[in-house]
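Written out below as structure tokens is the structure these notes cover.
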Amino acid sequence: MRVGVDIGGTKVIAGLASEAGRVIRHAQIPTEGQNGYPAVRDRIVRLVADVLSGTGVKKSSIKQVGLACAGQIDQARKRVLFSPNLNWRNKPLGRDIEAATGLPVSLENDVNAATYGEWRFGFKKEGLNVVGIFLGTGIGGGLILNGRLFRGSRDVGGELGHITLNPHGYQCRCGNRGCFEAYCGGSYVVGRVRERLEQGYRGRLWEIVGGDPVGLHAGHVEEGYYLGDELCSEAWGEVIEYLGVGLQSVANLLNPDLILLGGGVIQGTKKLVHEARLVMKQRAMPASTKGLRVERTRLHQNAMILGAAFVSSD
């Protein structure tokens, strides 16, 4: 048995998984990152104990605990180099959890883990070259090249959300301008649209959100786009175009077998994958997209749990 732990900005989810890749039990707690690293570390230790309690699974039968955390990871030293969501720098998370639990621990970037989990268990290792692109608050990427997870020379490769699509474009939180994330990340898109509503814009979108911009999400913007709302036509049309351009860039650069699209924005919208795929095919060189599949992810939260639990063993 293995335990996978997804450490997010708002919640931490742990799952107990069999060697066949079946998640048997989940446990979840709020992250409470505002209380600092030691508090979150201790909550993770308690969560690992909680997911095992009452299962009859002995601690000695746990092969490893896999941790998945957003940010830049030093896998060999099991350290979080930088996690902007948690405001962590150079934290020995893996070693600390190992010492506290007495179990072997591995540490991986969250989107690397999710991409690996989807590829291995959701898609049964279809294709040797696979790219995962996860659109949530921002955009994360994961690369499997020649059947192996690619981390780069310093374990920080695959930052697809911060490839530059327009050097004079929107400001990104990373400090650059025109990043893929700044154009298609959920918080950026929703933030720009919400600002217009708060400034007095009215249209079909105002009806869709019931006059409450606070509850606005990407699915509302997509709905307004198909209803002909002027603001949504502009904002969501831009998302479709730039996501398609991002896919085209990935296709031309890496010539993958499969591109996996996941995350809250993808799950919360209906036609975005189809529309972006059309843009990609219009723009990419034909040989780069021959046989290329662009698919929605299948495992949702289990992808990260399974990826974290198994990636270091492959």
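Couple of notes before you dig in:
- Remark: pairs (first residue in the stretch 194-220, assigned by TED's automatic domain parsing to the domain that holds Glu230 and assigned to a loop (DSSP other than H, G, I, E, B); second residue among the acidic types (Asp, Glu) and surrounded by 12 or more Cβ atoms within 10 Å (Cβ to Cβ); Cβ separation under 8 Å; 6+ apart in sequence or on different chains) = Gly203/Asp229; Gly203/Glu230.
- Residue match in the stretch 237-247 (condition: among the hydrophobic types (A, V, I, L, M, F, W, C), free of Cβ contacts under 8 Å to residues at least 24 places away in the same chain and assigned by TED's automatic domain parsing to the domain that holds Ile163): no
- So Ala303, is it under 30 Å from Gly15 (Cα atoms), among the small types (Gly, Ala, Ser) and outside any loop (DSSP other than H, G, I, E, B): yes
- Residues located in the stretch 156-182, provided they are in contact (Cβ under 8 Å) with a residue 60 or more places away in the chain and assigned to a helix (DSSP H, G or I): Leu160, Phe180
- Count of residues meeting criterion [in contact (Cβ under 8 Å) with a residue 40 or more places away in the chain, under 9 Å from the mean Cα position of the chain (by Cα) and within 14 Å of Gly307 (Cα to Cα)] in the stretch 123-150: 1
- Being within 14 Å of Cys69 (Cα to Cα) and modelled with pLDDT of 95 or more is a property that Ala99 lacks.
The values are calculated or read from the model by the stated rules, or taken from the named source; none is laboratory data. Source: prediction; values computed, not measured. Please note: Cβ atoms are built from the backbone with ideal geometry, for glycine as well, and neighbour counts cover all protein chains shown.
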